[in-house]
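Step one of this worksheet: look at the structure below.
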Amino acid sequence: QVQLVESGGGRVQPGGSLRLSCVASGSIFSFYVMGWYRQAPGKQRDLVAGLDEGGTTHYIDSVKGRFTISRNNAMNTVYLQMNSLKPEDTAVYYCYGDSGRGPRTWGQGTQVTVSS
């Protein structure tokens, strides 16, 4: 089974940027859709952005124009570029992949903290 490992989280000031990476242990073509969720303390896990095998993207309204999801097939990696970060973006960010052949695959999560 392909595993997902996130990196790139950290602490940044409001208005700053981070790029999250999600590396698959095998081919990302194993998944027909990949993306990112986030979970803030005491809140449910919410979808942030998704990218399907055809290249179609979708974002929640609160990150449109600030976040960009992309993929590098040769590197088996999906990215989430986050610009103009706000304190309300603080959360643990989880990468996911859906293959249609079993349960959703999750990464272990990476913490993003936006604070002055």
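Each Lys or Arg adds one and each Asp or Glu takes one away; over the other residues whose Cβ falls under 12 Å from the Cβ of Gly15, this sums to +1. Taking the Cα centre of the chain as the origin and placing charges on Cβ (Lys, Arg +1; Asp, Glu -1), which of Gln81, Gly9, Val33 is farthest toward the positive end of the dipole? In the chain, that residue is Gly9.
Over the stretch 1-112, accessible surface divided per residue gives 52 Å², non-protein components excluded, 1.4 Å probe. Counting only protein heavy atoms, what percent of the accessible surface of the chain is carbon or sulfur at a 1.4 Å probe? After summing per-atom areas, the C and S share lands at 47 percent.
For the chain, the relative contact order comes to 37 percent (Cα pairs under 8 Å, sequence separation of at least 6). Count Lys and Arg as plus one, Asp and Glu as minus one, and take only other residues whose Cβ is under 15 Å from that of Val112; the net charge is then +3.
The values are calculated or read from the model by the stated rules, or taken from the named source; none is laboratory data. Computed from a predicted model, the values in this text were never measured in an experiment. Methodologically, a virtual Cβ is constructed for each residue, glycine included, from the backbone with ideal geometry; neighbour enumeration extends over all protein chains shown. The protein model used for the area step is the full one, side chains on, heavy atoms only, and it has no ligands, DNA or RNA in it. Shrake-Rupley method; radii C 1.70, N 1.55, O 1.52, S 1.80 Å.
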